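Novice: Pasting a structure below so you can have a look.
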Amino acid sequence: MKSFASDNYAGVLPEIMEALQKANELHARSYGADEITKRTTALFREVFNADVDVFFVFNGTGANVLSISSATQSYNAVLCSDTSHIYNDESSAPETFTGCRFFPVPANEKGKLEINTIRERLIRKGDVHYAQTALLSITQSTEYGTIYRPDEILALSRLTKEHGLYLHVDGSRFFNAAAALGCGLNDISGKVGVDILSLGGTKAGMMFGEAVVVFNKELSKHIAYKHKQVMQLASKTRFIAAQFEAMLQNELWRKTATHANKMAELLCNSISKNRNIKITKPVKANAVFAEIPRSWYEPLQEHYPFYVWKDSTHEVRLMCSWDTKEEDIINFASAIDALPQNI
């Protein structure tokens, strides 16, 4: 069975399996003091063309909690999209561990935050009765599978700097965004003023693990202690680092992310021909959002699981992965065509 539910459903890249096997051959120092972690951190600095600090973590929620907690105090507030993962899909973990108030800012129809909408929330600075805004978080690619261009991120960065805020990027599908834009990883992060990045690895084809990439040295003062405090410091860090090393070498990430993106485009083109299907969001990365008849949910999900995004409008999310094949999409489209069409 193949799934269009999430790129988390996909297996592990062969190159990642090989890297894990190599990392498993000998004993190594623990908690990031090993040679693989040191080597991979140096590779991050080369790839991002910046003197970044890198902290490897177990999962995406942990990456976001560590990133945000390193830039805030418990009396602060965080601005994020009303559709963001940190606000809707990480339970209360970000607020519990950081102690911050999270204010949802309405995203536009493409799932992006806009300058004027953010400005409306930059209020009551210095008011002890109000949680003081310290950080803006955006998602790349967005929850709608759309992408912030470098100039858009730069504009957001300038706004945050104008108001003394940090800019965080939740990059669980960051590789997909960079591949779609045809740019380097730094072109949509440090180069355009991002202070800290949660870089996803699991959705890209790793077995487990994410990385927190720190561009702003001000945030490096305490983050190592936060790393331990939020329970994300792995004793066998080398097994996360080794996967990222494989992912970054020879731009493996670009090859696999480009494939997933192309499969999403093919999926969109294949199902949009059906008169009962309406594509609701621009397809920019590896996600397709579509409205389909409610009666199709169960027969389709029996063989091709997917998530219902908004049941009131019958909108579903279809995700493609590094291992999605053209035949999977052809078979899915055929399954759709076999359903009752007079609806």
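Novice: What are the semi-axes of the equivalent ellipsoid of segment 108-147, taken as the square roots of 5 times the eigenvalues of the Cα gyration tensor, listed largest first and rounded to whole Å?
Specialist: Working from the Cα gyration tensor, I get semi-axes of 26, 11, 6 Å.
Novice: Okay, next question. Would you please give the residues with an amide H less than 5 Å from that of Y307, counting only those at least 5 places away or on a separate chain, with H modeled from the backbone geometry?
Specialist: Counting only residues 5 or more places away or on other chains, the set is R317.
Novice: May I pose another question? Taking amide H positions as placed 1.01 Å from N in the peptide plane, with prolines and chain starts having none, which residues 5 or more places from K278, or on another chain, fall under 5 Å of its amide H?
Specialist: E291
Novice: While we're looking at this one, here's another question. With 5 Å bins from zero, work out the P(r) of segment 1-41 over every alpha carbon pair and list the percent per bin.
Specialist: Histogram of Cα-Cα distances, whole percents per bin: 5, 18, 18, 19, 13, 12, 8, 7, 0.
Novice: Moving on. With every protein chain kept in place and ligands, DNA and RNA left out, what is the accessible area per residue of the chain? Probe 1.4 Å, answer in Å².
Specialist: 45 Å²
Novice: Can I ask one more? Can you pull the Kirkwood radius for segment 7-145, inverse mean 1/r over Cα pairs, to one decimal in Å?
Specialist: 17.8 Å
Novice: Normalised by the residues of the chain, what does the relative contact order come to in percent, with Cα pairs under 8 Å and at least six apart?
Specialist: 24 percent
Novice: Additional query: Rank-order 35-47, 169-181, 125-137, 259-271 by packing density, defined as the average count of other C-beta atoms within 10 Å over each peptide's residues, highest first.
Specialist: Top of the packing list down: 169-181, 259-271, 35-47, 125-137.
Novice: Continuing with this model, one more query. Any chance you could list the semi-axes, whole Å, largest first, of the equivalent ellipsoid that the Cα gyration tensor gives for segment 1-87, using √(5λ)?
Specialist: 28, 23, 13
Novice: Which ³J(HN,Hα) values in Hz, rounded to whole numbers, follow from the phi angles of segment 107-116 under the Karplus curve 6.51 cos²θ - 1.76 cosθ + 1.60, where θ = phi - 60° and Gly and Pro get x?
Specialist: 7, 6, 5, 9, x, 9, 8, 10, 3, 5
Novice: Can I ask one more? Taking the Cα centre as origin and putting +1 on Lys and Arg beta-carbons and -1 on Asp and Glu beta-carbons, what dipole magnitude results for segment 160-311, to the nearest 20 debye?
Specialist: Here the size comes out at about 80 debye.
Novice: Here is a follow-up. Percent of accessible area on the chain owned by carbon and sulfur, 1.4 Å probe?
Specialist: 49 percent
Novice: Also, quick follow-up: Treating each Cα of the chain as an identical point scatterer and ignoring solvent, apply the Debye formula and state log10 I(q)/I(0) at q = 0.13, 0.15 Å⁻¹.
Specialist: -0.99, -1.25
Novice: Shifting gears a bit: Let me see the pair-distance distribution of segment 109-204: every alpha carbon pair, 10 Å bin width, integer percents in order.
Specialist: Result, from short to long distances: 16, 48, 26, 8, 1 percent.
Novice: Tell me which residues come under 5 Å, amide H to amide H, from T133 once H is placed; ignore anything under 5 positions away on its chain.
Specialist: Under 5 Å from the amide H of T133 lie the amide H atoms of A77, each far enough along the sequence or on another chain.
Novice: Another question, then. Evaluate Rg over Rh across segment 235-343, taking Cα atoms for both radii and Kirkwood's formula for Rh.
Specialist: 1.09
Novice: Where a ≥ b ≥ c are the square roots of the eigenvalues of the C-alpha gyration tensor, would you call segment 135-261 rounded, which needs a/c under 1.5, or, failing that, prolate if a/b is larger than b/c, or oblate?
Specialist: On the way: a/c = 2.02, a/b = 1.06, b/c = 1.91.
Oblate.
Novice: Over the alpha carbons of segment 295-343, what is the largest minus smallest coordinate on each principal axis, giving the biggest first in Å?
Specialist: Here the spans come out as 31, 23, 15 Å, largest first.
The values are calculated or read from the model by the stated rules, or taken from the named source; none is laboratory data. None of these values were measured; they are calculated from a predicted model. Using ideal geometry, Cβ is built from the backbone for each residue, glycine included, and neighbour counts are taken over all protein chains shown. When the accessible area is computed, the model is the full protein with side chains, heavy atoms only, and any ligands, DNA or RNA have been set aside. Shrake-Rupley method; radii C 1.70, N 1.55, O 1.52, S 1.80 Å.
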